[in-house]
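All remarks here apply to the structure that follows.
The values are calculated or read from the model by the stated rules, or taken from the named source; none is laboratory data. Just so you know, these numbers come straight off a predicted model, no measurement behind them. Quick reminder, even Gly has a Cβ in these numbers, built from the backbone with ideal geometry, and neighbours come from all protein chains shown. Keep in mind that these areas ignore ligands, DNA and RNA; they rest on the heavy atoms of the full protein, side chains included. Shrake-Rupley method; radii C 1.70, N 1.55, O 1.52, S 1.80 Å.
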Amino acid sequence: MKLWEQHTCLPLVAAADIAELTRYPLGSYVSVNVGFSPHSKAVSTAHCVDFRRKALDDGRFRMVEDGEPEGLITLAFDLEDSGPIEGDLSNVEYFYDLGVRSMLPSYNWANAAGCGCLDTEDTGLTAYGRDLVREMNRVGMLVDGSHCSVRTGLDLSSTTTRPMIYSHSNFAALWEHPRNITDQQALECARTGGVVGINGVGIFLGPNGPDEGERRVEAMADHIEYGVELLGIEHIGIGSDYSFDHEDFNVELAAHPEAFSEEYTRYGPLQWVPPEDTVTLPSLLARRGFSEDAVAAVYGGNFRRVAGL
């Protein structure tokens with residue numbers, strides 16, 4: 001059974017160690033972030049080139065466009081904000097050619113494309129944002145609503161002509177947090193044929209204590225079960241949002257709380273579900289009554305379907 005990890009994060013620095021991704025099982029598909037709101041086209045390009053070179057030099061990876069040999073980790077990239085597009089729609093195809101297979105319009109706060117989940121005024125997707133979605137549809141890049149506002153997410157689902165995703169978003173009905181999505185957002189995503197990827201971030205699950213690792217995995221399973229009951233088995237996947245640079249992220253969070261909000265900072269240091277725990281989800285779901293086919297759909301089949309692989 002092959003894991004499809006729709007979103008994880010390496011340090012966005014030249015010293016990033018691509019070998020950290022081999023903590024996921026060989027044969028997995030792993031999408032790695034290569035930029036968000038502060039980053040330019042040039043910076044995100046450098047991350048794509050650097051990660052690609054390191055992966056191919058390592059020998060345990062293949063790039064997403066290179067077929068699917070057994071025993072290798074398939075590496076793709078994602079953008080957590082449309083900022084690196086720099087307002088030029090031709091850059092969507094440019095980044096697709098570099099291996100970026102999904103992008104979300106806005107990261108937490110409003111930008112030229114739309115609003116973020118932390119904005120107090122939600123005006124939704126802009127005209128430019130709608131053009132961006134149409135270009136992503138044309139190129140074949142997945143439209144991602146994670147970190148976007150409620151209205152922006154709903155506008156994405158009504159604008160896209162291809163299945164959209166929430167690559168790493170949990171359900172507000174189970175844990176109320178502005179980063180979690182409403183049932184309406186999830187239902188509209190499913191209506192497009194899309195998939196909601198459940199993440200393993202403590203503050204989006206509830207249990208965020210340093211000694212609550214087992215509870216976090218159980219909470220991921222709770223969100224998976226809830227999503228399956230709400231949307232159907234074909235619309236739930238995994239996007240753990242594991243941060244391989246979690247110590248640096250927590251330092252950044254403490255040093256620049258204004259870039260996030262109290263909803264991020266008031267819980268103390270963020271905790272994540274690591275790859276070693278993410279891979280225990282199949283056995284946990286089986287114990288909860290999921291069939292082998294159902295587990296396979298959540299663990300990788302659903303995202304594989306919407307990606308066309």
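Here are the numbers for this structure:
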{"quantity": "Hey, Val295 open to solvent by less than 50 Å² (accessible area, probe 1.4 Å), at negative phi, part of a helix (DSSP H, G or I) and of a type outside the set (Gly, Ala, Ser) or not", "calculated": "yes"}
{"quantity": "Residue check for Thr45: under 30 Å from Glu262 (Cα atoms) and polar (S, T, N, Q)", "calculated": "no"}
{"quantity": "Failed criterion for Tyr299 (all others in (1) more than 19 Å from Asp222 (Cβ to Cβ); (2) in contact with a Pro (Cβ under 6 Å, 6 or more places away or on another chain) hold)", "calculated": "(1)"}
{"quantity": "Single condition Val306 does not satisfy, out of (1) surrounded by fewer than 16 Cβ atoms within 10 Å (Cβ to Cβ); (2) modelled with pLDDT of 95 or more; (3) farther than 18 Å from Gly202 by Cα", "calculated": "(1)"}
{"quantity": "Index of the failed condition, Val201 passing every other in (1) more than 21 Å from Asp119 (Cβ to Cβ); (2) open to solvent by less than 50 Å² (accessible area, probe 1.4 Å); (3) in contact (Cβ under 8 Å) with a residue 40 or more places away in the chain", "calculated": "(1)"}
{"quantity": "Scope region 229-269; condition within 27 Å of Arg305 (Cβ to Cβ), in contact with a strand residue (DSSP E or B) (Cβ under 9 Å, 6 or more places away or on another chain) and open to solvent by 30 Å² or more (accessible area, probe 1.4 Å); matching residues", "calculated": "Leu230, Glu234"}
{"quantity": "Residues (of a type in the set (Gly, Ala, Ser), within 23 Å of Ile233 (Cα to Cα) and in contact with a Phe, Trp or Tyr (Cβ under 8 Å, 6 or more places away or on another chain)) located in region 175-212", "calculated": "Ala186, Gly194, Gly197, Gly200"}
{"quantity": "Condition check for Arg266: modelled with pLDDT of 95 or more and either under 20 Å from Phe204 (Cα atoms) or of a type in the set (Lys, Arg) (or both)", "calculated": "no"}
{"quantity": "Long-range neighbours under 6 Å by Cβ, at least six apart or interchain, first residue over 18 Å from Phe260 (Cα atoms) within region 102-130, second open to solvent by 20 Å² or more (accessible area, probe 1.4 Å) and among the basic types (Lys, Arg)", "calculated": "Gly124/Arg151"}
{"quantity": "Meets criteria (open to solvent by 60 Å² or more (accessible area, probe 1.4 Å) and not small (Gly, Ala, Ser)) for Glu121", "calculated": "yes"}
{"quantity": "Index of the failed condition, Thr192 passing every other in (1) open to solvent by less than 20 Å² (accessible area, probe 1.4 Å); (2) within 18 Å of the chain's Cα centre (by Cα); (3) modelled with pLDDT of 95 or more", "calculated": "(1)"}
{"quantity": "Output for region 134-156, where each listed residue is crowded, with 24+ Cβ neighbours inside 10 Å and assigned to a helix (DSSP H, G or I)", "calculated": "Met136, Thr152, Gly153, Asp155, Leu156"}
